[in-house]
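Participant: One structure, pasted below without further comment.
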Amino acid sequence: MNYLKTMIKNISNLIMSITQNDMVYVCRMFAHEEELPEKLKKEHPFYKG
Amino acid sequence: MKYIENYLVNLFTLESHTQTERLKIEYGIKLLVSEVGRLFIVYSIALLLGCLLEVMITHIAFYVLRQVCFGFHFQTSRQCLIGSILLFPILCKLTTYIKIDGTLLSILTLLSLLLVVYLAPQGTKKHSILNTAHRDYLKKKIYKRAIILYGIYLLLPSTLLPFITLGILLELFMLLLEIYNQKKETILYELS
């Protein structure tokens with residue numbers, strides 16, 4: 001059970017790091033109609049204003 | 001698809017996650033689910049056409065540049081799927097029939113890579129380049145990736161080289177298409 005929880009946590013972190021990485025490049029890899037949510041835009045390292 | 005997305009979001013969202021982290025997971029899963037489906041279709045067609053390795057090489061060369069160079073993007077996932085099928089498995093299959101001189105291919109690769117480096121990055125309306133710092137960051141990445149890609153090109157066996165060139169040419173095409181779209185919009189805006 002503990003192993004399963006750790007695995008879910010690790011996958012969760014991996015998904016977050018994929019989003020983080022994608023955000024740095026402003027979603028060029030994947031997004032089409034999906035626009036980055038406003039709140040996440042503010043997390044972008046180059047976002048200003 | 002929506003059901004799978006919701007299931008995965010619930011599975012990977014933990015109580016300890018903040019709201020921003022929840023948004024990141026939701027967004028990440030949405031992208032992954034749509035991309036996995038597309039990759040499955042594109043690679044199934046590649047497998048049927050017998051050009052799996054060729055498509056993989058073209059894809060890698062294209063995405064290494066694509067991630068930092070940006071360029072034209074299809075408006076919807078469906079358009080992107082059709083575009084991906086035409087530009088990857090079908091074009092790769094057609095490329096296998098073309099015989100091109102090694103020296104000429106090296107020159108073509110170098111020239112197209114130089115053009116990509118010169119023209120990129122090209123943001124789109126929906127996903128623009130945010131500011132000068134962002135542009136500089138991408139430009140540095142583009143230089144590094146272009147050098148690495150050409151290094152790999154020089155090391156690969158000659159049978160696979162046309163597919164690296166194809167990946168670079170596809171990215172160049174995306175950049176030119178985006179520049180053309182932007183110019184067209186500027187002209188239309190000035191006329192109105």
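Participant: Assuming 1.306 mPa s and 10 °C, estimate D for segment B:11-98 with Stokes-Einstein, Rh taken as the Kirkwood radius over Cα pairs, in µm²/s.
Facilitator: 107
Participant: Let me ask another. Run through all the Cα pairs of segment B:144-192 and give the fraction in each 5 Å bin from 0, expressed as whole percent.
Facilitator: 5, 18, 17, 16, 11, 9, 8, 7, 5, 3, 1
Participant: For the protein assembly as shown, just list the percent of Cα-Cα distances falling in each 5 Å bin from zero outward, please.
Facilitator: Over the protein assembly as shown, the share of Cα pairs per 5 Å bin runs 1, 6, 12, 15, 16, 16, 14, 10, 6, 3, 1, 0, 0, 0 percent.
Participant: Past the 32 Å Cα-Cα mark, which pairs from A:Lys39/B:Lys139; B:Lys93/B:Lys144; B:Lys24/B:Lys184; B:Lys2/B:Lys93?
Facilitator: Exceeds cut-off: B:Lys24/B:Lys184; B:Lys2/B:Lys93.
Participant: Find the all-direction average of the projected area of the Cα convex hull for chain B, expressing the result in square nanometres with one decimal place.
Facilitator: 14.4
Participant: Further, regarding this structure: Test of understanding: given chain B, find the longest segment containing no trypsin sites (Lys or Arg not before Pro) that are in a DSSP loop and have at most 11 other Cβ atoms within 10 Å.
Facilitator: B:1-98
Participant: Would you calculate the separation in nanometres between label points at B:Lys184 and B:Asn10, each defined as 7 Å from the Cα along the Cα-to-beta-carbon direction?
Facilitator: About 4.4 nm, to one decimal.
Participant: Still on this structure, I have one more. Give me the inter-chain shielding for A:5-16: mean count of other chain Cβ atoms within 10 Å, whole number please.
Facilitator: Mean shielding count: 4.
Participant: A further question follows. Loop only by DSSP, 15 or fewer other Cβ within 10 Å of the Cβ. Give me the chymotrypsin sites (Phe, Trp or Tyr not before Pro) in segment B:59-109 that pass, ordered by residue number.
Facilitator: Taking segment B:59-109 and a limit of 15 other Cβ atoms within 10 Å, the loop chymotrypsin sites (Phe, Trp or Tyr not before Pro) found are B:Phe74, B:Tyr97.
Participant: Using Cα-Cα distances under 8 Å and only pairs 6 or more residues apart, what relative contact order does segment B:50-191 have, in percent?
Facilitator: After rounding, I find 46 percent.
FYI, it's all coordinate maths here, none of it is from the lab. No experiment lies behind these values; they were computed from the predicted model shown. Cβ sites come from the backbone with ideal geometry, for glycine too, and all protein chains shown count toward neighbours.
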